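Working notes for the structure below.
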Amino acid sequence: MFKTLTRSVTAAATLAMLSACTTVGHDFVAPKPEAAAAHFRHAEAQSGEATLPLDSWTLFGDATLNALELRALQDNPNVEAAAQRLMEAQAQLGVARSDQGVKLGVGASTSYSHTSENTTQAIMLGRHTIEGSNYAIDASLSYEVDLWGRVRRAVESADAQALAARYDRDGVLLMLTHQVATTYFQLRGLDAEIAILERALDTRRESEQLVSARFDGGFSNELDLARTRVERANAEADLQEARRQRLTLEHGLAVLVGASPNTPLLADMGRAAHAELPEPPAIPVGLPASLLAQRPDLASSVSNLRALNAQVGVAEGAFYPSVNLTGDYGRASEQLRDLTSASSKQYSIGPLSLSLPLFDGGRNKANLSASQARYEQAVANHQNKLLTALREVEDALSDVQQRRLQAQAQAQAQQAAARAYEVAEARYERGVSSYLDVTDAQRSSLAADRASVQIRTQRLLAAVNLARALGGGWSPEASATLASKLPARRSGGQDDKL
């Protein structure tokens, strides 16, 4: 028995060594972007590499925004769902890896049998019946000799899919932080606009009272009085509309951070004076296009390419023989007390089986063609994602530039409109012009003030969009920083395995 076992183990070891030398399919090579995509058209150039803080939202220096972002990373249900999808992918990787090892099982059984006297065998034995109990306990072993690397390719595919799930989780975190920042600054912009509308309403009410007094004294006409009332009512309507929009944004922001929509979110955060909008952060010069590599969606796409490339190797492995080694060792006895005796021992080594597909109606060939087509399709989709990412960054950079120029021009318009309102009001008080000039000047000044706030809000949103387009910030460690904000219960301690 010992010699037989030694020969079998030696043969299995030899096959295992041979299998380590051969792997079906081609090793994966990540696609490289074209040379034309090495830089951004709207990014100012400088020697050296741009660096900024890791968490993109901290660039705005807003404590309330920082608290909201951290709360969203902790409590948003989508984060939990993404973390569970990652754990599922890691579990599937464990399933694939199990095929590389030896499978060992143990079992125990008991049975009672009574044979018929009328069977052919019983007649040959003089119509004797065989009956009695049987007890058995055994251990079985099986191992697939991965001679062509099919199992290794399957493990490689599962590993790439697990890594893609990790990048998908990072993408969820990136999109969530982007949505929180966007909603927050939209809300801040409405706060500033509401402050302007409240001041305008106070001015309209004072004008209405003034014109009403002049009308009562015979110094004004009813048309001017009607105009002041119309302007006051319009200001009230605009203010209510802005407040309605603000409530909608606050409800959405509460949901993003995992709270009930009826939660007074900003009040809980110690709401500051949001009527003043902050300046957008300065965008550093010298942004290299290589920063796109940190985008979770592109990194996930590359991992999926690697998984599909490995699946092509798995499909190729179906054309080659599969080799399996099995063995069994145990004890069997009619009496339970005899199971431990040497005479109850039974074992088998083998078979060392080999199976080779000869004719399958073209099934393996079709599977290989489908795998190759899926890979080529993924390559094309990846190129499209890369172009889309480049476009998003270019759009964000140009938006940052143009919004800055727009804000400068709007500041001039705002100043001129304020001066025109002062002149019109003075001329009306001296009786040089009608109240219609005052009304027109009021409208122009209010529109200029609101447009200025809206442009400043758009400048903040452009900076937020640029951070998202670059994958979370201007640092390759940005996505890792996002993941570090998660509580331990979400990652389940599994990330280190990747």
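The values are calculated or read from the model by the stated rules, or taken from the named source; none is laboratory data. Just so we're clear, the structure is a prediction, and the values are computed from it rather than from any experiment. For neighbour counting, all protein chains shown are included, and Cβ atoms are generated from backbone atoms with ideal geometry for every residue, glycine included. Accessible surface areas use protein heavy atoms only, side chains included; no ligands, DNA or RNA. Shrake-Rupley method; radii C 1.70, N 1.55, O 1.52, S 1.80 Å.
Tabulated values for the structure
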read-out: Rg(Cα)/(2.2 N^0.38 Å) for segment 60-102, N = residue count; value: 1.92
read-out: Net charge contributed by nearby residues that have their C-beta within less than 14 Å of Gly101 (K/R +1, D/E -1); value: 0
read-out: When the convex hull of its Cα atoms is projected in every direction, mean area for segment 419-470 (nm²); value: 3.7
read-out: Per residue convex hull volume, Cα atoms of segment 157-244, in Å³; value: 73
read-out: Surface accessible to a 1.4 Å probe, Asp138 within the full protein complex, Å²; value: 60
read-out: Rg/Rh ratio calculated on Cα atoms of segment 362-431 (Kirkwood radius); value: 1.67
read-out: Solvent-accessible surface (1.4 angstrom probe) belonging to Phe215, in square angstrom, nearest 10; value: 80
read-out: Extension gain from Arg243 to Glu80, taking 0.36 nm per residue of separation minus the Cα-Cα distance; value: 55.4 nm
read-out: Dimensionless Rg ratio for segment 295-345, taking C-alpha atoms and the 2.2 N^0.38 Å reference; value: 2.54
read-out: Fraction of accessible area attributable to carbon and sulfur, segment 136-193 (%, probe 1.4 Å); value: 56
read-out: Principal axis dimensions, segment 60-186 - Cα atoms, whole angstrom, descending; value: 98, 35, 22
read-out: Cα Rg over Rh - segment 292-440, Kirkwood; value: 1.61
read-out: Cβ crowding within 10 Å averaged over residues, with 90-96, 292-298, 113-119, 164-170 ranked highest first; value: 164-170, 292-298, 90-96, 113-119
read-out: Convex hull projection area averaged over all views, segment 94-250, Cα basis, nm²; value: 24.2
read-out: Per-residue SASA entry for Phe60, accessible area with 1.4 Å probe, Å² rounded to 10; value: 30
read-out: Taking only Cα atoms of segment 104-168, radius of gyration then Dmax in Å; value: 25.1, 74
read-out: For peptides 367-374, 173-180, 446-453, sequence by mean Cβ density within 10 Å, most packed first; value: 173-180, 446-453, 367-374
read-out: Alpha carbon Rg of segment 183-227, scaled by the compact-globule rule 2.2 N^0.38 Å; value: 1.71
